[in-house]
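Chemist: Before anything else, here's the structure in question.
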Amino acid sequence: MNNSVGNSARLIGAGLRALLVLTVICGVVYPLAVTGVAQALFHDKANGSEVQADGKVVGSELIGQRYDLPLKEGQETAEPDLKWFQPRPSNGLGENSVNTQYKLLLSGATNLSGDNKDLIQQVKDAKAAVIKDNSTADHKIKPSDVPAEAVTSSGSGLDPHISPEYADLQVHRIAAKNHLSVEQVQKLVDGHTDGRILGFVGEPRVNVLQLNIALKELTEKG
């Protein structure tokens with residue numbers, strides 16, 4: 001009996017020591033080591049790829065955001081602020097209903113099929129809006145000018161990039177709204193167009209947040 005109790009006590013003691021050691025290694029040492037390496041070697045990425053302007057964080061280069069006018073009385077959907085480059089549509093999976101302090105879009109695709117009537121109508125409405133919003137007195141947008149991502153949301157609904165084609169389509173409207181020349185705005189787009197990763201992965205893209213920060217700086221200089 002005494003030997004059985006003693007063996008059990010030793011086993012329990014060994015198990016508790018192993019639990020303590022593994023807890024310290026896996027729960028304290030390893031996370032601190034990984035965090036330290038990430039902060040030392042990949043500081044920007046480890047902190048969410050934050051984007052700063054005027055000395056404060058204004059967003060992340062990985063998460064798209066909209067540029068809308070304040071809601072008017074009776075409005076449910078805000079109108080886009082046409083002084084800024086606009087991102088892709090951001091349908092997502094609806095809005096956050098847990099932390100209502102912030103109006104957040106839940107990341108995800110609409111999961112609507114290609115022949116879904118709601119999706120088809122959304123695309124038609126979005127295309128008509130893109131044509132109307134980006135046509136100016138001396139530059140008219142044709143339906144064939146509108147790229148696919150201008151009227152469809154991405155799989156996450158939060159894509160921070162647009163294609164150079166969609167950015168180019170907005171140049172005349174941006175120039176007119178901000179009293180800039182088309183050449184100035186086009187140069188801005190060209191300077192913020194990233195090529196394919198390693199020269200062959202993915203597609204050329206423009207980060208809308210970075211582009212609008214540069215646009216703000218340009219308009220303030222003028």
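The values are calculated or read from the model by the stated rules, or taken from the named source; none is laboratory data. Owing to the predicted nature of the structure, the values given are computational and were not obtained by experimental measurement. Cβ coordinates were reconstructed from backbone atoms using ideal geometry, including for glycine residues, and neighbour counts include every protein chain displayed.
Chemist: Taking region 176-203 only, how many residues are more than 17 Å from Trp84 (Cα to Cα) and in contact with a strand residue (DSSP E or B) (Cβ under 6 Å, 6 or more places away or on another chain)?
Modeler: Number of matching residues: 1.
Chemist: Among the residues of region 158-179 satisfying the criterion of being surrounded by 19 or more Cβ atoms within 10 Å (Cβ to Cβ) and in contact with a Leu (Cβ under 8 Å, 6 or more places away or on another chain), which is farthest from Glu217 (Cα to Cα)?
Modeler: Applying the filter and picking the extreme gives Leu158.
Chemist: Now for a different question. State all residues of region 83-116 that are modelled with pLDDT of 65 or more, under 16 Å from the mean Cα position of the chain (by Cα) and at positive phi; if no residue qualifies, say none.
Modeler: Passing the criteria: only Gly108.
Chemist: Can you find even one residue in region 148-157 that is surrounded by fewer than 17 Cβ atoms within 10 Å (Cβ to Cβ) and modelled with pLDDT of 90 or more?
Modeler: yes
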